[in-house]
Amino acid sequence: MQVLQSFAIRAGYAVILLVAVLVLNFSMMHLAPGDVADTISQSMGGADQELLDQIRADYGLDQPFYIQLGRYIGGVLQFDLGFSFFYNQPVTELILQRLPATLLLVITAQLLALFIGVIMGVVSARKPNGILSHFVTFLALFGYAAPVFWTGILLLIAFSLKVQWFPVAGMQDVTIEGGFWAHFVDVARHMVLPVITLGSLFLALYSRLARATMMETLGSDFVRTAKAKGLSTNQVVYKHALKNSLSPVITLAGLQFSAVISGAVLVEAVFSWPGLGTLAFQSIIARDTPTILGILFFSALVVIVGNLLTDLALRLVDPRVGSKG
Amino acid sequence: MKHLIKGIVASVALSAVMATGVIAEGHKTGGTLVTVLGSNVRNLNSAVQSGIVTGYPGAQLFASPMRYDENWEPQPYLAESWNVSDDGLTVTLNLVKNAKFHDGAPITSEDIAFSVDVIKANHPFKSMFAPVESVDTPDAHTAVLNLSKPHPALMLAMSGQLMSIIPKHIYGDGEITDVKTHPRNNENVVGSGPFKLVEFKNGEHVILERFDDFFIEGRPYLDRVVMRIITDPAARAIAYENGEIHMGAFESLPRIINRLKKVDTLTVTPDGYGAIGPIDWLAMNTAKGPLSDVRVRKAIAYAVDKNFIHKALMQGTAADSTSGIHPDSPFYAAQDGYDVDLEKSAALLDEAGFPVKDGSRMSLTIDFGWPGVKPQVEYVKAALKKVNIDVEVRASADFPTWAKKMGTGDFDMSWDTVFNWGDPVIGVHRTYDSTNILKGVWSNTQSYSNARVDELMAMAAVETDVEKRKALYAEFQEIIADELPVYHTNTLPYHTVFNDKVKNAPMGIWGTSTPIDTVWLDE
């Protein structure tokens, strides 16, 4: 019952948050000079005033602000995210087309970064002054400091141009024929560089944190007890210490989920990954208000779901979390 | 007209082949050509959406009445022949008899009339068909365009991406102005061109397939054309280099163009942009402050070193441009430039009543609308400092912000890029016409007004004799270069990049905005 109640409260907050996201962003978009009619005319090489007025009338942009806002919110309440001005396509359709690509990229990068980061952290915590430990520190600094788009271009030059192991852009090679496995391998090859680029940033964070908490745990009493019982070092490290070091890492991973999505905007731009990030970027440039708001709405949803999953994961590794209420 | 890049032997050899016309013998058929689009496509229906991104897929999906050869001569396409009456008021198109849409329905004069209506109602370039009052359809294969006045610009307006013939039985099911949001503009497209649509995935690719019933026997040569959407120029460059992409157009970054020129397997050419005609210029607001004095505008031209722009900023990739018309156009008349002369510049400013006071003559602003031209505006700032003009660079957050300033005349100077779009009537007049002042971006944003210029444009618009028209435009360009509502600096260095496998790459006046039915792959 308590779980349900806390869930209901959370859901209530989520709805308020979503409405705030929409209203605030709608207002901010409205404050900027110019509108989508200008970018449509840009894409067409110019348009006369008559056509501009016609476009504005077609999309209701000639209406006062509160009417536009009211119409939009009214639509969202009926689960209608509206129509993209720029692409003449329902926003929901546009987003659902792009969402899988982003989720594939973001989740793969996140899981890999988490998995490898924790292993690196653990291994280096066992010998804090070893070469590996220094390497992890270096990697952390490098991964955190290097801009994502720079890492991306560098990887492209190295692995797509100098040695042509991986394709330059996109998610699939449309000229490839063959069954499921041929396509699977194709998509996997396209994913390698973007996943490394996006993952490297978070790998740094996770490995550093895992190293620090692991070192702390290894020095605690229960570890000493376990060792005194005569358990092997591996058993102590992986069965006892690791489980107790995971919660901060998982909490961080949950918090970072939104950052992964914003990181995806840059990575997708570099690798022409056909996901939400590129769509978001292009819609902002195009002032395509319904699409931008739709993406923000979906991103907020993804973050909320991501946080809930983090909560669940925390309960699994640390039963104390649930009982605290 | 054809300015070949120096040092590229391959392109010289290829141009020699091109000059002898399309190769009828010795081509291979089949294969998939992988090409690239530099930004996302908004709309595939080129009858209602203009612009270079739609132009490429649009011209493959939809045929136009005529096409142009490299010498700016109209050639038959969907119209096998045509006739312009002596008074220039009726244009008769005789359509190819066996032409079919992608759904098998015949292409008739009804579709021509319908397409003209749709373009008139939805296309941004109103001047293309404004004088067309009605279209008669005496029989299925004859369309007669009735004009209110002679309209020589119509010929170019009936070619390339400008007049896409769309099926009335598909797109005519609603109001004529609704065609621009028709659901079949981006899926289940029924076109008239050499390729039909297989798949359009927004943000990912457009895939086209050979239309077997295309009205030109044996064409197109390719089986499939893939247009991948890659917006990052650096990623595109790597993809040309490693062979992932066979061909792409509209590459405009000097650094990347020069790098790709050094790759053995690639040809990089500026040919193919004459009709689209993109030119860069420094716009000056003639209705505001010191710049309303022509002497101040001239002083600025004398202080800005075009050589620096060509060599340092464009790194030799752009051609000189001295008038409002693209240098590749038959109507181009080169004007004497304003070679740097700081003394003359200072003298003109003194004469105009702007002496140096506390180290400065005046303060002006300069705007730019996209990041690519920031070096140009920074250079102008530095150059004008030498004649004691203080310049404040105003960045705009994005295109609409800049467009707003331009459209309302809220600027002193701005960097701008404007396209000719075929005939001067379509893309040139709009910048200098005094009846088109401040009507949105790329109108006469400089508020320039000269009765003689208006008169010359009006005369040139209806002059059917080519030589007389050229003379009118020559005088027009002379006045523009003298009065400087804009200071013309260079062409936008658009380049087409293709690798050795691609033969007959599109280098005619319309570049990729024309059917690529003769392109073939040697593999």
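The values are calculated or read from the model by the stated rules, or taken from the named source; none is laboratory data. In this text the structure is predicted, and so the values were computed from the model without any measurement. Cβ placement follows ideal geometry from the backbone for every residue including glycine, while neighbour counts extend to all protein chains displayed.
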How many residues does region B:190-240 contain that are aliphatic (A, V, I, L, M), more than 14 Å from chain A (Cβ to nearest Cβ) and in contact with a His (Cβ under 8 Å, 6 or more places away or on another chain)? 1
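How many of the residues in region A:207-222 are surrounded by fewer than 18 Cβ atoms within 10 Å (Cβ to Cβ), under 36 Å from the mean Cα position of the chain (by Cα) and either not charged (D, E, K, R) or not in a helix (DSSP H, G or I) (or both)? Before the answer, list the steps.
If we filter region A:207-222 for residues that are surrounded by fewer than 18 Cβ atoms within 10 Å (Cβ to Cβ), which is where we start, we get A:212, A:216, A:219-222.
Of the ones still in play, those that are also under 36 Å from the mean Cα position of the chain (by Cα) are A:212, A:216, A:219-220.
Subsequent filtering for residues that are either not charged (D, E, K, R) or not in a helix (DSSP H, G or I) (or both) retains A:212, A:219-220.
Summing the residues that are surrounded by fewer than 18 Cβ atoms within 10 Å (Cβ to Cβ), under 36 Å from the mean Cα position of the chain (by Cα) and either not charged (D, E, K, R) or not in a helix (DSSP H, G or I) (or both) in region A:207-222 gives 3.
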Does B:Lys180 qualify as being surrounded by fewer than 24 Cβ atoms within 10 Å (Cβ to Cβ), within 14 Å of another protein chain (Cβ to nearest Cβ) and basic (Lys, Arg)? yes
Select from region A:148-170 the residues that are in contact (Cβ under 8 Å) with a residue 40 or more places away in the chain and under 29 Å from A:Ile119 (Cα atoms) and write down the one among them that is nearest to the chain's Cα centre (by Cα). A:Val148
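Hey, among the residues in region A:173-189 that are part of a helix (DSSP H, G or I) and more than 18 Å from A:Pro274 (Cβ to Cβ), which one's farthest from the other protein chains (Cβ to nearest Cβ)? Show your work before the answer.
The initial filter retains those residues of region A:173-189 that are part of a helix (DSSP H, G or I), namely A:180-189.
Subset that is more than 18 Å from A:Pro274 (Cβ to Cβ): A:180-182, A:185.
Working: A:Phe180: 19, A:Trp181: 21, A:Ala182: 16, A:Val185: 17 Å.
Among those residues, the one meeting the criterion is A:Trp181.
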Residue match in region A:153-171 (condition: within 25 Å of A:Ile107 (Cα to Cα) and basic (Lys, Arg)): no
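Answer yes or no as to whether A:Leu205 is within 27 Å of A:Pro128 (Cβ to Cβ), of a type outside the set (Val, Ile, Thr) and touching a Pro at 6+ places or on another chain (Cβ under 7 Å).
Details: within 27 Å of A:Pro128 (Cβ to Cβ): yes; of a type outside the set (Val, Ile, Thr): yes; touching a Pro at 6+ places or on another chain (Cβ under 7 Å): no.
Taking the combined requirement at face value, the residue does not satisfy it.
State all residues of region A:44-67 that are in contact (Cβ under 8 Å) with a residue 12 or more places away in the chain, within 14 Å of chain B (Cβ to nearest Cβ) and of a type outside the set (D, E, K, R); if no residue qualifies, say none. I'd like the intermediate steps shown before the answer.
Residues of region A:44-67 in contact (Cβ under 8 Å) with a residue 12 or more places away in the chain: A:52, A:55-56, A:59, A:61, A:65.
Checking which are within 14 Å of chain B (Cβ to nearest Cβ) leaves us with A:52, A:55-56, A:59, A:61.
If the condition is that a residue be in contact (Cβ under 8 Å) with a residue 12 or more places away in the chain, within 14 Å of chain B (Cβ to nearest Cβ) and of a type outside the set (D, E, K, R), then A:Leu52, A:Ile55, A:Tyr59, A:Leu61 are the ones that fit.
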Given the conditions (1) more than 23 Å from B:Pro375 (Cβ to Cβ); (2) not in a strand (DSSP E or B), report the number of the one that B:Gly248 does not fulfil. (2)
Within region A:26-43, which residues are part of a loop (DSSP other than H, G, I, E, B) and either more than 8 Å from every other protein chain (Cβ to nearest Cβ) or free of Cβ contacts under 8 Å to residues at least 12 places away in the same chain (or both)? A:Pro33
Out of the residues in region A:263-303 meeting the condition of being surrounded by fewer than 20 Cβ atoms within 10 Å (Cβ to Cβ) and under 18 Å from A:Leu111 (Cβ atoms), tell me which one is farthest from the other protein chains (Cβ to nearest Cβ). A:Val303
For region A:117-140, does any single residue satisfy the condition of being under 19 Å from the mean Cα position of the chain (by Cα) and either farther than 28 Å from B:Gly243 by Cβ or touching a residue at least 24 places away in the same chain (Cβ under 8 Å) (or both)? yes
Have a look at B:Leu162, B:Leu145 and point out the one that is farther than 27 Å from A:Asp58 by Cα and either away from chain A (no Cβ under 14 Å) or buried (at least 18 other Cβ atoms within 10 Å of the Cβ) (or both). B:Leu145
Could you grab me the full set of residues in region B:26-46 that are more than 16 Å from the chain's Cα centre (by Cα) and within 19 Å of B:Ala121 (Cα to Cα)? B:Arg42, B:Asn43, B:Leu44, B:Asn45
Can you pull out the residues in region B:261-276 that are aliphatic (A, V, I, L, M) and within 13 Å of the chain's Cα centre (by Cα)? B:Ala275, B:Ile276
With A:Val91, A:Val106 as the choices, which residue is more than 14 Å from chain B (Cβ to nearest Cβ), surrounded by 21 or more Cβ atoms within 10 Å (Cβ to Cβ) and modelled with pLDDT of 85 or more? A:Val106
Please indicate, with yes or no, whether at least one residue in region B:161-172 is modelled with pLDDT of 95 or more, in contact with a strand residue (DSSP E or B) (Cβ under 8 Å, 6 or more places away or on another chain), polar (S, T, N, Q) and closer than 24 Å to B:Asp423 by Cβ. no
Per the filter on region A:30-54, residues hydrophobic (A, V, I, L, M, F, W, C) and surrounded by fewer than 17 Cβ atoms within 10 Å (Cβ to Cβ) are A:Leu31, A:Ala32
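Do you know which residues across region B:243-269 are without any contact (Cβ under 8 Å) to a residue 40 or more places away in the chain and either away from every other protein chain (no Cβ under 12 Å) or buried (at least 18 other Cβ atoms within 10 Å of the Cβ) (or both)? Walk me through how you get there before you give the answer.
Residues of region B:243-269 that are without any contact (Cβ under 8 Å) to a residue 40 or more places away in the chain, as a first pass: B:256, B:259, B:262-264.
Matches in region B:243-269: B:Ile256, B:Lys262, B:Asp264.
Quick grid of which residues meet (1) within 14 Å of another protein chain (Cβ to nearest Cβ); (2) in contact with a helix residue (DSSP H, G or I) (Cβ under 9 Å, 6 or more places away or on another chain); (3) assigned to a helix (DSSP H, G or I):
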{"residue": "B:Ile366", "(1), (2), (3)": "no, yes, no"}
{"residue": "B:Gly372", "(1), (2), (3)": "yes, no, yes"}
{"residue": "B:Glu378", "(1), (2), (3)": "no, no, yes"}
{"residue": "B:Arg394", "(1), (2), (3)": "yes, yes, no"}
{"residue": "B:Lys404", "(1), (2), (3)": "yes, yes, yes"}
{"residue": "B:Val418", "(1), (2), (3)": "yes, yes, no"}
{"residue": "B:Gly440", "(1), (2), (3)": "yes, yes, no"}
{"residue": "B:Gln446", "(1), (2), (3)": "no, yes, no"}
{"residue": "B:Glu455", "(1), (2), (3)": "no, no, yes"}
If A:Gly70 satisfies all but one of (1) without any contact (Cβ under 8 Å) to a residue 12 or more places away in the chain; (2) closer than 22 Å to A:Met28 by Cα; (3) surrounded by 15 or more Cβ atoms within 10 Å (Cβ to Cβ), what's the number of the condition it fails? (3)
